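This report concerns only the one structure given below.
The values are calculated or read from the model by the stated rules, or taken from the named source; none is laboratory data. What you are looking at is a predicted structure, and each value in this text was computed from that prediction instead of being measured. Backbone-built Cβ (ideal geometry, glycine too); neighbour counts: all protein chains shown. Side chains are part of the model used for accessible areas, which takes the heavy atoms of the whole protein and leaves out ligands, DNA and RNA. Shrake-Rupley method; radii C 1.70, N 1.55, O 1.52, S 1.80 Å.
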Amino acid sequence: MGTLIIGIGNTLRGDDGAGQEAALLLADALAGDTVEVIACHQLTLEMSEPLARATTAVFIDAEYGGAAGEIRLRSLVPTGADLFTHDLIPETLLSAALALYGHAPEAWLYTICGEDFGYKDALTASVDAAVHQVVARLVAACSRAIDSPIG
Amino acid sequence: MTNTITIDPVTRIEGHSKITIQLDDAGKVTDAHFHVTQMRGFEKFVEGRPFHEMPSLTARTCGICPVSHLLASAKACDGLLAVRIPPTATKLRKIMNLAQIAQSHALSFFYLSAPDLLLGMDADPAQRNIFGLMNVNPELVRGGVKLRQTGQQIIELLGGKRVHPSWIVPGGVSEPLTEEKRDRILAMLPEAIGLAWTTYEWYAEEVERFKDEIESFANFPTLFMGLVSPRNTLAMYGGDLRVVASNGAVLEDRRPAEEYAEIIGEKVEPFSYLKSPYYKPIGYPSGIYRVGPLARLNIVGHPGTRLADAAFEGFKKLDRQSSFHYHYARLIEILYCLERTEQLLHEPDILSKHVRAEAKPNAEEGVGVSEAPRGTLIHHYRINEDGLITYANLIIATGHNSLAMDRGVLQVAKRFVNGAHLQESMLNRVEAVIRAYDPCLSCSTHAVGQMPLEINLVAPDGEVIDTVRR
């Protein structure tokens, strides 16, 4: 498998749903490509298996702090071993993929700074715009079939 | 004057709870309790809602076993509609329930309890977790991941998503099964069944090492309750209630599940938000009973599928009164669920398009009962003439085990805890007896951040004389 994209977030907590919203848009945009997209509420250990099969992984999540709609990107390396599986982070999931299946892909994390994490099922306008920017970047990167999705 | 040890929160379970252990001045355990510290209130806030919302609303009780609530709720709504749902819908509902039980049991056994079983109750808590297990036995963890994935993927293929699918509806299911999906599920099963059997064989050898735990982990006589099929086999979806005593005496048999209130009473204790059901004919608290995998296997003649029946022969040789053997029973049930799914998918009418009975409410009261991973789950509703809920009673599987868990904590604390000098491993055993039941204390309220554990031993004058931190 080539690229795995995992969008994380709670769509009932306002801007926290940014990652999942981006993943749902990407699943539509990249349908039929050799890209697997997972839209989820939170990371779970079972995701270590498709992660280990990928050559490149991109996580998308909301972030608290920073200007609303600000997009941040950083590379990830496998680290850590949490005591519990209720709050897995991408680095730990990469670590699990490495320990269980002998491979962790090259990985990046996109975060989109949120503003309103209250009980609502819509994104604020600036966060929604940022979601579309991230989606456009990743669609472009995947269509160029380059290794890095930084695009 | 007594001292109190508090374990708060209890870890590696679903939901939030604590354990308190009372010591006398010599450091000997005199009492212990299991407290569920979260309040949910579902029975009250659903009042006034349209009955057809109930499956979706009550499924939100839990993020691990939403399918179980969806199912029991839809069955209660079938009762309100007074319809008999199409046979194919019954089979499809059964498959989703079996997938739910298999994936939940895999989570309990591999993720939550295997660290204790494989690394040892006395292992360093920094290593005694699923990640520590990966370093020691990655093959076992990979098997657990695959089994959980299999159950989740079946749920997703049937219901559209892994958590909170809305496919089970009053009157049946919302969509029939396609040939392509059936074949995809069938293709997954041989590997999963192989993994389940390998794990069972491994554990059947390992279990001999836990003599102390078997003797003291809630090992006392109680009643056992669950649903049984007319063929005397496991009945995860339907069947009648059976209550059996530890000595094998059958106290209730072929009791229609709708009559649950005639044999089950519910008591509220001031130290816990979890209600304490009891067997009415014996009274409270002597009418203590257990449900779930151990109870189910203690009340049936045999599970009802080839490999599960073979594993059951080993189970029959165990001390079946000990709650430690919930783990063993869970592995047999994973086998049963996967094998039974395979059987159902080969039924000639499984792809039938007739999967839903349409009707308006025809009854004022409905009861839905099914087996959830942790035991018998009961939803009971009454509605007014507008179809709005006027009464809801939910008896959650974990609730049935409330009295047994509370007594189990005391038994294991007396056996292992020495208040004069606390050791983390002593307290881990107290937690582990709770983990054996795999209680689900409503995990839809997730904990955020680190789950700390600090136990202080305080002298009568208030001086902290010992502390254990995790």
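Key figures
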read-out	value
Computed FRET value (nearest 0.05) for B:His421 with B:Phe45, which takes r as the C-beta separation and R₀ as 51 Å	0.60
Å² of accessible area per residue within the range B:24-88, as computed with a 1.4 Å probe and no ligands counted	39
Shape category assigned to the range B:317-439 from the gyration tensor of Cα positions, a/c cut at 1.5	oblate
Net dipole in debye of chain B [+1 Lys, Arg Cβ; -1 Asp, Glu Cβ; about Cα centre; nearest 20]	760
1.4 Å probe, heavy atoms, protein only - residues of the range B:139-168 losing at least 40 Å² accessible area vs chain alone	B:Arg142, B:Val145, B:Gln149
Over 25 Å (Cα to Cα) - which of B:Lys75/B:Lys161; B:Lys44/B:Lys94; B:Lys28/B:Lys280; B:Lys44/B:Lys275; B:Lys91/B:Lys316; B:Lys91/B:Lys275 fall in this group	B:Lys44/B:Lys94; B:Lys28/B:Lys280; B:Lys91/B:Lys316; B:Lys91/B:Lys275
Accessible area buried at the A-B interface, both sides summed, 1.4 Å probe (Å², nearest 100)	1800
Environment charge of B:Gln149, counting only residues whose C-beta is closer than 9 Å and scoring Lys/Arg +1, Asp/Glu -1	0
Degrees, to the nearest 10: B:402-416 long Cα axis against longest axis of chain B	30
FRET efficiency, 1/(1 + (r/R0)^6) with R0 60 Å, evaluated for B:Asp25 and B:Ser56 via beta carbons	0.65
Charge tally in the Cβ shell below 14 Å around B:Tyr260, where Lys, Arg are +1 and Asp, Glu are -1, B:Tyr260 excluded	-2
Computed E for B:Ala126/B:Glu313 - FRET, C-beta separation, R0 30 angstrom, nearest 0.05	0.15
Where the range A:3-143 is the region considered: accessible area per residue in Å², 1.4 Å probe	40
Two-site label geometry, B:Thr90 and B:Ser174: point separation in nm, points 7 Å out along Cα→Cβ	2.4
Spatially proximal aspartates and glutamates relative to B:Lys360 (Cα-Cα < 13 Å; intrachain offsets below 8 disregarded)	B:Asp78, B:Glu385, B:Asp386
Rounded accessible area per residue of the range B:137-183, 1.4 Å, Å²	38
Top positive-direction residue, dipole computed over the protein assembly as shown with Cβ charges, set B:Gly366, B:Leu57, A:Leu76	B:Gly366
Point-charge dipole on Cβ atoms (K/R +1, D/E -1) for the protein assembly as shown, about Cα centre, debye to 20	1220
Apportionment of accessible area to carbon and sulfur, the protein assembly as shown, percent (1.4 Å)	50
Label-zone membership for the range B:264-286, site B:Asn393, 7 angstrom Cα→C-beta point, backbone N under 13 Å	B:264-268, B:276-280
Virtual spin-label span in nm between A:Asp121 and B:Glu205, 7 Å along Cα→Cβ	5.1
Neighbour net charge for A:Ala67 - beta-carbon separation under 13 angstrom, K R +1, D E -1	-3
Nearest-20 debye value, the range A:3-143 charge dipole, Cβ charges on Lys, Arg, Asp, Glu	280
Inter-site label distance for B:Glu139 and A:Thr79 at 7 Å from Cα along Cβ, in nm	3.3
Alpha carbon convex hull of the range B:206-353, projected area averaged over orientations, nm²	11.1
